[in-house]
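> So that we are looking at the same thing, I have put the structure below in structure tokens.
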Amino acid sequence: MKYGQIRKMDIANGPGIRTSVFVTGCTHNCFNCFNKEYQNPNFGTDWTDAETERIIGYLKEPAITGLTLLGGEPMQNTEGLIPVIKAVRKAVETNIWVYSGYVYEELVKDASRKKLLSLCDVLVDGPFKEDLKDPGLFFRGSANQRVIAIPATLAAGEVTLLWPDGR
């Protein structure tokens with residue numbers, strides 16, 4: 001797995017001050033993607049155990065309230081991310097968000113994607129759509145995207161939204 005950047009402190013991709021990991025590789029090719037260079041799966045730096053230990057260290061700091069996975073496309077990087085998130089879960093209690101251009105209903109049909117989902121707390125799903133862009137929405141770029149509570153959704157068998165109206 002490759003990554004484009006790790007932000008120790010990020011306030012744009014989930015509530016509070018979060019550590020964000022931007023993986024590379026994405027085939028969605030959304031119009032006006034804000035991370036176009038991260039679509040290339042060969043872009044960035046190879047992930048190693050040192051990066052895992054670095055983010056765990058960040059997450060142990062009192063000011064950091066959670067971890068966010070985005071990119072690129074995290075759900076096209078499940079093989080690399082699942083062991084990282086398992087290590088995070090073992091080392092620290094934290095809230096984990098994942099952004100994906102896939103919708104929840106697609107993700108749960110694939111075993112490895114569902115596994116990564118099950119290790120996370122919140123999913124922001126769906127591709128960015130320029131014609132539905134709305135900067136007033138909480139933690140998402142376009143109105144088609146949803147902020148989904150993963151444990152509640154998996155338990156209920158139906159999507160549970162954190163903010164049904166998006167705000």
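The values are calculated or read from the model by the stated rules, or taken from the named source; none is laboratory data. Since this is a predicted model, take the numbers as computed values, not measurements. A quick note on method: Cβ atoms are made from the backbone with ideal geometry, for glycine too, and the neighbour counts reach across all protein chains shown.
> Mind listing just one residue for me: the one in region 132-155 that is of a type in the set (Val, Ile, Thr) and touching a residue at least 40 places away in the same chain (Cβ under 8 Å) and, of those, farthest from PHE31 (Cα to Cα)?
THR153
> Looking at region 141-153 only, could you name the residues that are out of contact with any Gly (no Cβ under 7 Å at 6 or more places or on another chain) and surrounded by 15 or more Cβ atoms within 10 Å (Cβ to Cβ)? Can you show your working first?
Initially, region 141-153 is screened for residues out of contact with any Gly (no Cβ under 7 Å at 6 or more places or on another chain), giving 141-142, 147-153.
Matches in region 141-153: GLY141, SER142, VAL147, ILE148, ALA149, ILE150, THR153.
> Then there is this: Consider ASP121 against the criteria (1) out of contact with any Phe, Trp or Tyr (no Cβ under 7 Å at 6 or more places or on another chain); (2) of a type in the set (Asp, Glu); (3) over 22 Å from GLY25 (Cβ atoms): it satisfies all of them except one. Which criterion is unmet?
(1)
> Could you list, in sequence order, all residues of region 72-131 that are free of Cβ contacts under 8 Å to residues at least 24 places away in the same chain and small (Gly, Ala, Ser)?
The one that is free of Cβ contacts under 8 Å to residues at least 24 places away in the same chain and small (Gly, Ala, Ser): ALA111.
> Looking at region 51-84 only, could you name the residues that are modelled with pLDDT under 95 and touching a Lys or Arg at 6+ places or on another chain (Cβ under 9 Å)?
Within region 51-84, GLY72 is the sole residue that qualifies.
> List pairs: first in region 44-56 and part of a strand (DSSP E or B), second among the polar types (S, T, N, Q) and surrounded by fewer than 18 Cβ atoms within 10 Å (Cβ to Cβ), Cβ under 9 Å, 6+ apart or cross-chain?
THR45/GLN5
> Looking only at region 1-39, filter to residues that are assigned to a strand (DSSP E or B) and either of a type in the set (Asp, Glu) or without any contact (Cβ under 8 Å) to a residue 40 or more places away in the chain (or both); which one of those is surrounded by the most Cβ atoms within 10 Å (Cβ to Cβ)? Explain how you work it out, then say what you get.
Applying the first criterion (assigned to a strand (DSSP E or B)) to region 1-39 yields 2-10, 18-23.
Narrowing the set further to residues that are either of a type in the set (Asp, Glu) or without any contact (Cβ under 8 Å) to a residue 40 or more places away in the chain (or both) leaves 5, 7, 10.
Values: GLN5: 15, ARG7: 15, ASP10: 21.
It comes out as ASP10.
> Could you please let me know if VAL98 is touching a Gly at 6+ places or on another chain (Cβ under 8 Å), aliphatic (A, V, I, L, M) and at pLDDT 95 or above? Lay out the reasoning, then the answer.
Details: touching a Gly at 6+ places or on another chain (Cβ under 8 Å): no; aliphatic (A, V, I, L, M): yes; at pLDDT 95 or above: yes.
So VAL98 does not fit the description; no.
Residue by residue, here is whether (1) in a loop (DSSP other than H, G, I, E, B); (2) of a type in the set (A, V, I, L, M); (3) on the phi > 0 side of the Ramachandran plot holds:
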residue	(1), (2), (3)
PRO62	yes, no, no
MET75	no, yes, no
VAL84	no, yes, no
LYS90	no, no, no
VAL98	no, yes, no
GLY101	yes, no, no
LYS109	yes, no, no
LYS115	no, no, no
ASP131	no, no, no
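> Pick from THR48, THR68: which is surrounded by 13 or more Cβ atoms within 10 Å (Cβ to Cβ) and either of a type in the set (A, V, I, L, M, F, W, C) or farther than 20 Å from GLU106 by Cα (or both)?
Residue meeting the stated conditions: THR68.
> For region 141-158, which positions are under 17 Å from the mean Cα position of the chain (by Cα) and either part of a loop (DSSP other than H, G, I, E, B) or among the polar types (S, T, N, Q) (or both)?
GLY141, SER142, ASN144, GLN145, THR153
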